[in-house]
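S.K.: Dropping a structure here in structure tokens format, bear with me for questions.
All of the numbers you see were taken from the coordinates with simple rules; none came from a lab. These figures come from a predicted structure and were not determined experimentally. We place every Cβ from the backbone using ideal geometry, glycine too, and count neighbours over all the protein chains shown.
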Amino acid sequence: MTIATQIFWLIILSMVVASIAWTVTQEEIFKEWREYCQENCDNGESLPKRKFFYVFTCEYCFSHWTTILILLLTGFQLLIEDWRGYILAFFAIPWLANQLMSIYRRLRVGIKHENLLAKTVEAKLED
């Protein structure tokens, strides 16, 4: 693969990982599962049990496990065409995915702030 193709794949796979990790750890569709995991994370009897359930509440942690699945499905290797390429991809994909999730979180906060500000101004104008 050319370096341009590898960068393209890196970006696309990071977007896939970010989307999956964000959806599982943040969105309403998995809210009940996440609450169950949070309860077991907080009150689990053993350290391995608490850590297992923690993975489903942390987008950073979950992005690494998602990356493993994506690498198994795609066989993507970064820069080097052997096992070292998998190691590089394993660290590069979740790093970029987490950068994308941080940008997305900032955008959501900004949008919520603007919506609340607009509602406040609208309420003042009505009074």
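S.K.: Helix by helix through the chain, keep the DSSP H runs that span 15 Å or more along the axis on Cα and average at least -1.0 on Kyte-Doolittle, and give those back in order. Write out the running numbers ahead of the final one.
M.R.: Working: long enough: 3-26 (33 Å, 1.68); 31-43 (18 Å, -2.32); 59-74 (21 Å, 1.11); 83-126 (65 Å, 0.17).
Helices meeting the criterion: 3-26, 59-74, 83-126.
S.K.: Pop the C-beta distance of TRP65 and GLN38 into the FRET formula with R0 = 25 Å and round what comes out to the nearest 0.05. Walk me through the numbers on the way to the answer.
M.R.: Numbers: r = 17 Å, r/R0 = 0.68.
For R0 = 25 Å, the calculated efficiency reads 0.90.
S.K.: Kindly state, to the nearest 0.05, the FRET efficiency for ILE7 paired with GLU81, given R0 = 22 Å and r defined as their beta-carbon distance.
M.R.: Details: r = 16 Å, r/R0 = 0.72.
According to the calculation, E is roughly 0.90.
S.K.: Calculate the length of the line joining the C-alpha centroid of the range 58-117 to that of the range 16-32, in whole Å.
M.R.: 13 Å
S.K.: Another one. Under 20 °C and 1.002 mPa s, how fast does the range 3-126 diffuse according to Stokes-Einstein, given a Kirkwood radius computed over C-alpha pairs? Answer in µm²/s, whole number.
M.R.: Values: Rh = 16.5 Å.
My calculation gives 130 µm²/s for D.
S.K.: What Cys residues in the chain are without a partner cysteine, judged by a Cβ distance under 4.7 Å?
M.R.: CYS37, CYS41
S.K.: Tell me which aspartates and glutamates have Cα within less than 17 Å of LYS112's Cα, excluding those fewer than 8 residues away on the same chain?
M.R.: GLU27, GLU28, GLU122
S.K.: Something else about it: What residue among SER63, SER102, SER14 shows peak mean-square fluctuation when the chain is described by a Gaussian network model with Cα springs under 10 Å?
M.R.: Highest fluctuation of the listed residues: SER102.
S.K.: In a Gaussian network model over the chain where Cα atoms closer than 10 Å are linked, find which of LEU47, LEU13, LEU71 has the largest mean-square fluctuation.
M.R.: LEU47
S.K.: Nearest 0.05, what FRET efficiency do VAL109 and LYS49 give at R0 = 25 Å with Cβ-Cβ as r? Intermediate values should be presented prior to the final figure.
M.R.: Details: r = 33 Å, r/R0 = 1.31.
Once rounded, the FRET efficiency stands at 0.15.
S.K.: Could you give the dipole magnitude of the chain about its Cα centre, charging the beta-carbon of Lys and Arg +1 and that of Asp and Glu -1, in debye to the nearest 20? Spell out each step's value before the answer.
M.R.: Details: 12 positive and 14 negative charges, 59 e Å.
That gives a dipole near 280 debye.
S.K.: Run the numbers for GLU27 and LEU117: contour at 0.36 nm per residue of separation, minus the present Cα-Cα distance, in nm. Spell out each step's value before the answer.
M.R.: Numbers: separation 90, 0.36 × 90 = 32.40 nm, distance 2.36 nm.
Gain on extension, GLU27 to LEU117, equals 30.0 nm.
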